[in-house]
1. Is it the case that Leu109 is of a type in the set (A, V, I, L, M), under 17 Å from the mean Cα position of the chain (by Cα) and open to solvent by 20 Å² or more (accessible area, probe 1.4 Å)?
2. Do we find a residue being open to solvent by 30 Å² or more (accessible area, probe 1.4 Å), of a type in the set (Gly, Ala, Ser) and modelled with pLDDT under 90 anywhere in region 365-376?
3. So, in region 130-187, how many residues would count as being within 18 Å of Ala107 (Cα to Cα) and in contact with a strand residue (DSSP E or B) (Cβ under 6 Å, 6 or more places away or on another chain)?
4. Could you tell me how many of the residues in region 341-363 are touching a residue at least 40 places away in the same chain (Cβ under 8 Å) and open to solvent by less than 60 Å² (accessible area, probe 1.4 Å)?
5. Being part of a loop (DSSP other than H, G, I, E, B) and of a type in the set (Val, Ile, Thr) is the filter here, so list the residues in region 398-453 that pass it.
6. Considering only region 178-187, how many residues are surrounded by fewer than 24 Cβ atoms within 10 Å (Cβ to Cβ) and part of a strand (DSSP E or B)?
7. Taking the condition β-branched (Val, Ile, Thr) and more than 27 Å from the chain's Cα centre (by Cα), does Ile162 pass?
Amino acid sequence: MAGIRCLWGRGLKSQTRALLLEAAQPPLSWLRSRAHSTYDVVVVGAGIVGLASARQLILRHPDLKFCILEKEKDVASHQSGHNSGVIHSGIYYTPGSLKARLCVRGAALLYEYCDRKRIPYRQCGKLIVAVDHHEIPRLQALYERGLQNNVPGLRVINAKQIKEKEPYCKGVMALDSPYTGIINYRQVARAYTDDFHDAGGNVLTNFEVTNMEMAKESPAGSEQALEYPVVIRNTKGEEVFCKHVVACAGLFSDRLSQVSGCSPEPRIVPFRGDYLVLKPEKCYLVKGNIYPVPDPRFPFLGVHFTPRMDGSVWLGPNAVLAFKREGYQLFDFSARDFTDAVTYSGLRKLVLKNLFYGMGEMYRACFLSAQLKELQKFVPELSVHDLLRGPSGVRAQALDKDGNLVDDFVFDGGSGDIGSRILHVRNAPSPAATSSLAIAEMIASEVEERFGL
């Protein structure tokens, strides 16, 4: 599978190619179809995890009725469409953890799926680069972890071999992960949606869920009494009736849990990640992904270099508190989201534990030259004139009340009539997109066990 799949023409400017890629997507004109309002299972949230899970469920149970509810007008509108586009190989994660197992299996399933569906990707590889000798022990420990996680093709390379892979990259040692790739996850999400629809599933967009409760009466015109006892309402007062709910609400997973009477913990605190972009004439400086050696003292990974399917190269991201859960711009603000975040004891404790790191992230977010210094550790040739402000994403970071980042996947339900009919995907952190097909297998099995499908 090494090499490039379906590369686009090199003559187009990278930004133009990006627009053409989006424009080339056929409209999902059936998204608003409303054949009926009663379903066996409703999935709330059309991000990549919700879509993959719904697809897996309907493929396993084609005789049941399934529906996806999405508050936006299209699928993959938030985290799934605002990420770096990396297909991760599973190096970083604790051996034996759910995250490690799902990432390694998910990457294999994703490559296989994309080959079958002819979805373009590039297996361009990744170097995790030690720029100082004091990072070498951590790099070697990471290598051992990757081996335990069965990451394919992983090897340690020296400074000369780094130059052979990345001529403009400076480092004393690196981990070479040739299995790492890049992809446009919006295309993957749309393919999952098509599969779901082709199998008979229904997708309702512009349906923002505001309430879930046990129905007090049967759906209008129904002769099946309370066969569909859960009623889901949206902001317009529209109703959908179902037997069971799978909630994959991403940035709003904690609030949706509270709406259904389940636990508010762990809480979601939004962190915005701002990217820089290399000017098109400077993209030759980076061939594959270039990542730093993780520092366990800090909560986030740090800046890295990510080539994109359109030929551009993203640099970053940083990690700063977002003042709105879907706030992709610097001045986006929601009073409720901001108040929820700053009054949460978990965030206050996280800030106190990482005060200087947080201040550094804010400083680098404001001053291009400060972020450039971090980037020049890896590619010294970079100058401030090579950089442009790029896009942003918002990460749904789950935090516990002690200020600890919830690093693994969290699934829960509740008690009572309504709680026992809902499965909440409370935390699906990176690499959720890479792992989406493997996560879907696990969620589908959990749904079958809990609800007796």
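1. Working: of a type in the set (A, V, I, L, M): yes; under 17 Å from the mean Cα position of the chain (by Cα): yes; open to solvent by 20 Å² or more (accessible area, probe 1.4 Å): yes.
Judged against the criteria, Leu109 is a match.
2. Taking region 365-376 as the starting set, the residues that turn out to be open to solvent by 30 Å² or more (accessible area, probe 1.4 Å) are 366-369, 373-374, 376.
This time we only want the ones that are of a type in the set (Gly, Ala, Ser), so: 369.
From what's left, modelled with pLDDT under 90: 369.
Yes - at least one qualifying residue is present in region 365-376.
3. Narrowing region 130-187 to residues within 18 Å of Ala107 (Cα to Cα): 145-154, 176-187.
Next, from what is left, pick out any that are in contact with a strand residue (DSSP E or B) (Cβ under 6 Å, 6 or more places away or on another chain): 154, 176-177, 180-183.
Looking only at that region, the number is 7.
4. 9
5. So in region 398-453, the residues part of a loop (DSSP other than H, G, I, E, B) come out as 400-404, 406-409, 413-415, 420-421, 428-435, 452-453.
Within region 398-453, Val406, Thr434 meet the criteria.
6. The number of residues fulfilling the criteria is 2.
7. Details: β-branched (Val, Ile, Thr): yes; more than 27 Å from the chain's Cα centre (by Cα): yes.
Spelling it out, Ile162 is indeed β-branched (Val, Ile, Thr) and more than 27 Å from the chain's Cα centre (by Cα).
Here's the yes/no breakdown for (1) within 25 Å of the chain's Cα centre (by Cα); (2) within 30 Å of His133 (Cα to Cα); (3) charged (D, E, K, R):
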residue: Leu154; (1), (2), (3): yes, yes, no
residue: Cys169; (1), (2), (3): no, yes, no
residue: Asn206; (1), (2), (3): yes, no, no
residue: Val230; (1), (2), (3): no, no, no
residue: Cys242; (1), (2), (3): no, no, no
residue: Val269; (1), (2), (3): yes, no, no
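The values are calculated or read from the model by the stated rules, or taken from the named source; none is laboratory data. Please read all numbers here as calculations on a predicted model, not as lab measurements. Because the Cβ atoms are built from the backbone with ideal geometry, glycine has one as well, and the counts that use them run over all protein chains shown. Ligands, DNA and RNA are excluded from the accessible area calculation, which covers all protein heavy atoms including side chains. Shrake-Rupley method; radii C 1.70, N 1.55, O 1.52, S 1.80 Å.
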